[in-house]
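Novice: Before anything else, here's the structure in question.
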Amino acid sequence: AQAKESMQFQTEVNQLLQLMIHSLYSNKEIFLRELISNGADACDKLRFNAISDDSLYEGDGDLRVEVEFDEEANTVTIRDNGIGMTRDQVIEHIGTIAKSGTKEFLSKLSGDAAKDSNLIGQFGVGFYSAFIVADKVTLTTRAAGTTESVTWESDGQNGFTLEAADKASRGTEIILHLKEEEKEFANGYRLRNIISTYSDHIPLPVKMLKQPTPEYDEEGNVKEDVEPKAPEWEVVNKANALWTMPKSEVSDEQYQEFYKHIAHDWQDALAWSHNHVEGNLEYKSLLYVPAKAQMDLWEPEQRNGIKLYVQRVFIMDDTKNLMPRYMRFVRGVIDSNDLPLNVSREILQSNKTIDSMKKASVKKVLGLLGSMAKNDAEKYQSFWDEFGKVLKEGPTEDASNKEQIAKLLRFSSTHTDAEKQDVTLEDYVSRMQEGQEKIYYVTADTFTAAKNSPHLEVFRAKGIEVLLLSDRVDEWMISGLTEFDGKQLQSVAKGELDLGKLDSEEDKEEQKKVEDDAQSLLKQLKEVLEDKVEDVRVSHRLTSSPSCIVLNEHDMALYMQQLMKQAGH
Ligand code: ADP
Ligand code: MG
């Protein structure tokens, strides 16, 4: 066997550990949630791998997490019989290498201990939370299907050591040597309490030893002469797969607890949709709309979107195949009865069952948002403020649901000139002027620029409402959303301005006269500007500015041009 070896943590891991040790004192008990959830993940992984190789079970398929404590030694032990780790995996996952989430986690810290401790789960740095309560952590693990086991040990301050071990059983055991002042956690009552708060809905038994009730004699005294019974393992959490239960049997609190578990969030979800689908396809889904944007909402890759299960067996976290990108904020579970258990990532990419479940789930989320908008406008507005920019990708990404998405969109407009996006397209249409045929909008880099655009002058003068678009995603949205309710969306900055029936006969005569008078000026301007512009025209857009630049109907808007340039086109 190899000798004991000392190794150092990467700088960022060290920083993280310092933080765990010194700063996160407000929500200490989360260490247990994180370590139990790692144990449960490890069991999920084993179960999945065992589908193709059931020798991995090594005769022990009763997957579980066990929690033990020793008051005298001041330790808490968390043990699982999941997939375990090889020596290399230990080094990679909880050793020297900082995960991508680590750096980001550190950059997101606010200094507010309560807030910061809630971020831990979101960034995949849960393991290190052990150091919130422990001044030494000893982890021993053996990977399923291997014979060598290894012990990792660290005080969180001076790197860690690795040493060969001889762990007979598969899986991982973590001993927390509690800090003197954290003694309270080496207590059965306290631990049970934490487990039922945080781990009830983990669909895997979390067990603790139950001390046998002593035997009493006729006088009610404990019998001294009988051999005391050995303590037995007892399941402490409810361990039910919440999504398989009938809706009527699940309380709002249970829905929220489950949400927090799968979403690694500490706040309640805004809304959810729970469905048991039967017929052609059989599956269960439980989909949540969070209240707050996830930290990685704008990263190219996100964690933990929809969890795919097949007949209650966890298969994988999947954001790509089960939800479109414009719904990447949705969290939840889809549990199929139709897919084979050995479904692979490749199969998922082009699978009819997956596609149908995705399509139906998108409808469910749109329906959920639609009824929220209808029944609780304030709640919907808070959703929009968090996720509106993501939903705006919808019309272009998902043409088949364009109409429904369009109704969910919210805009700023010249109706109030306020930056808050709370105008619906339906509101706009209901306020359209007699004879107005189009829905007008202006795009700009900032709200202020949009609001003060010279293109708006004539519209303001005529009292025609214009949508003010200044989110980065707006050009993209508009490219997919060309009409609403049979009315074309028209940029006020593109092409010939034809206000159609909105211009009276007198207006038109007046315009003709101005154009005729300006002919010689136009000629001169064209000569001076030469090939810098395509044309110089008399504009009826402006009432107070002398001139403005106008794009051809089919030119990409200026902003898109800038974007393409930045991207090197
Ligand atoms: P996350 O669980 O979000 O990935 P953690 O910091 O909690 O982040 O864990 C880091 C990694 O360490 C896990 O992804 C896993 O690979 C490994 N790990 C932690 N605990 C266990 C365990 N009990 N069994 C097997 N692997 C584990
Ligand atoms: Mg974890």
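FYI, it's all coordinate maths here, none of it is from the lab. All of these numbers come straight from a predicted model, not from anything done at the bench. Quick reminder, even Gly has a Cβ in these numbers, built from the backbone with ideal geometry, and neighbours come from all protein chains shown.
Novice: How big is D for the range 1-83, in µm² s⁻¹ as a whole number, if Stokes-Einstein is applied with the Kirkwood radius of its Cα pairs at 20 °C and 1.002 mPa s? Present the calculation step by step, with values, prior to reporting the outcome.
Specialist: Numbers: Rh = 15.8 Å.
Value of D from the Cα-based Kirkwood radius: 136 µm²/s.
Novice: Cα gyration tensor of the range 390-487, axes a ≥ b ≥ c as square roots of the eigenvalues: rounded (a/c below 1.5), prolate (a/b > b/c) or oblate?
Specialist: Details: a/c = 1.92, a/b = 1.28, b/c = 1.50.
Verdict is oblate for the range 390-487.
Novice: A follow-up question, please. Nearest 5 is fine: what % of DSSP beta bridges in the range 279-374 come out antiparallel, could you say? Walk me through the numbers before you get to the answer.
Specialist: Numbers: 11 of 16 bridges.
If I count the DSSP bridges inside the range 279-374, around 70 percent turn out antiparallel.
Novice: While we're looking at this one, here's another question. What list do you get for 128, 288 if you sort them by fewest beta carbons within 10 Å?
Specialist: On the way: 128 23, 288 28.
With the sparsest Cβ surroundings first, the list reads 128, 288.
Novice: Where does each of 144-155, 270-281 land if you order them by average Cβ count within 10 Å, highest first? Before the final figure, lay out the partial values.
Specialist: Working: 144-155: 18.2, 270-281: 15.3.
Top to bottom by mean Cβ count within 10 Å: 144-155, 270-281.
Novice: For residue 281 and residue 224, FRET efficiency with R0 = 51 Å and r from the beta-carbon atoms, rounded to 0.05?
Specialist: Details: r = 64 Å, r/R0 = 1.25.
So, using R0 = 51 Å, E works out to roughly 0.20.
Novice: Now for a different question. Could you tell me which of 404, 37, 443 has its Cα farthest along the dipole of the chain towards the positive end, charges placed at Cβ (Lys, Arg +1; Asp, Glu -1), taken about the Cα centre?
Specialist: 443
Novice: Could you give the length gained on full extension between residue 325 and residue 210, defined as 0.36 nm per residue of separation minus the Cα-Cα distance, in nm? Present the calculation step by step, with values, prior to reporting the outcome.
Specialist: Values: separation 115, 0.36 × 115 = 41.40 nm, distance 4.73 nm.
Residue separation times 0.36 nm, minus the Cα-Cα distance, leaves 36.7 nm.
Novice: Next up: Would you work out the charge dipole size for the chain about its Cα centre, treating the Cβ of every Lys and Arg as +1 and the Cβ of every Asp and Glu as -1, and quote it to the nearest 20 debye?
Specialist: Working: 68 positive and 101 negative charges, 221 e Å.
Here the chain has a charge dipole of around 1060 debye.
Novice: What is the gain in length, in nm to one decimal, between residue 446 and residue 234 on full extension, counting 0.36 nm per residue of separation less the C-alpha to C-alpha distance? Let's see the in-between values first.
Specialist: Working: separation 212, 0.36 × 212 = 76.32 nm, distance 6.00 nm.
Net length gain for the segment: 70.3 nm.
Novice: In whole angstrom, note down how far apart the Cα centers of the range 203-230 and the range 316-391 are.
Specialist: The two parts, judged by their Cα centres, are 49 Å apart.
Novice: With a cut-off of 12 Å, note down the residues of the range 169-206 whose backbone N falls inside the zone around a label point 7 Å from the Cα of residue 148 toward its beta carbon.
Specialist: The answer is none, because no backbone nitrogen lies closer than 12 Å to the label point.
Novice: Continuing with the same structure: What FRET efficiency do you get for residue 108 and residue 312 if R0 is 25 Å and r is their Cβ-Cβ distance, rounded to the nearest 0.05?
Specialist: Numbers: r = 34 Å, r/R0 = 1.37.
Calculated transfer efficiency: 0.15.
Novice: What shape does the chain have by the C-alpha gyration tensor, where a ≥ b ≥ c are the square roots of the eigenvalues, rounded means a/c under 1.5, and otherwise prolate means a/b greater than b/c and oblate the rest?
Specialist: Values: a/c = 2.81, a/b = 2.36, b/c = 1.19.
Since a/c reaches 1.5 and a/b is larger than b/c, the shape of the chain is classed as prolate.
Novice: Round to the nearest 0.05 the FRET efficiency obtained for residue 164 and residue 400 when R0 = 45 Å and r is the Cβ-Cβ distance. Intermediate values should be presented prior to the final figure.
Specialist: Values: r = 58 Å, r/R0 = 1.28.
Once rounded, the FRET efficiency stands at 0.20.
Novice: Something else now. Which of the lysines could a cross-linker bridge to residue 487, judged by Cα under 18 Å and excluding same-chain residues fewer than eight apart?
Specialist: Straight-line reach from residue 487, under 18 Å: 402, 407, 438, 501.
Novice: Let's see if you can work this out: charge +1 on each Lys and Arg Cβ, -1 on each Asp and Glu Cβ, no other charges. What is the dipole magnitude of the range 1-95 about its Cα centre, in debye to the nearest 20?
Specialist: On the way: 8 positive and 19 negative charges, 68 e Å.
Dipole size: approximately 320 debye.
Novice: Counting only helical runs of four or more DSSP H residues, what would the 222 nm mean residue ellipticity of the chain come to if each run contributes -39,500 (n - 2.57) and the total is spread over all its residues?
Specialist: -10500 deg cm²/dmol
Novice: Put +1 on the Cβ of every Lys and Arg and -1 on every Asp and Glu Cβ in the chain; which of 90, 383, 237 then has its Cα farthest towards the positive end of the dipole?
Specialist: My answer, from the dipole projection, is 383.
Novice: Here's a follow-up. Among 197, 216, 144, flag the residue with its Cα farthest along the positive direction of the charge dipole of the range 127-234, charges on Cβ as +1 for Lys/Arg and -1 for Asp/Glu.
Specialist: About the Cα centre, the residue reaching furthest to the positive side is 144.
Novice: Moving to a separate point now. Please report, ordered by residue number, every helix of the chain (full DSSP H runs) that is 18 Å or longer along its axis going by C-alpha atoms and whose mean Kyte-Doolittle hydropathy reaches -1.0.
Specialist: Details: long enough: 30-52 (34 Å, 0.26); 352-375 (34 Å, -0.11); 377-391 (19 Å, -0.65); 505-529 (34 Å, -1.48).
Span-like helices in the chain: 30-52, 352-375, 377-391.
Novice: Now, a different point. Sort 188-197, 245-254 for me by packing, meaning the mean count of neighbouring Cβ atoms within 10 Å per residue, highest on top. Write down the numbers at each step before the final one.
Specialist: On the way: 188-197: 15.9, 245-254: 10.7.
Highest to lowest by the protection proxy: 188-197, 245-254.
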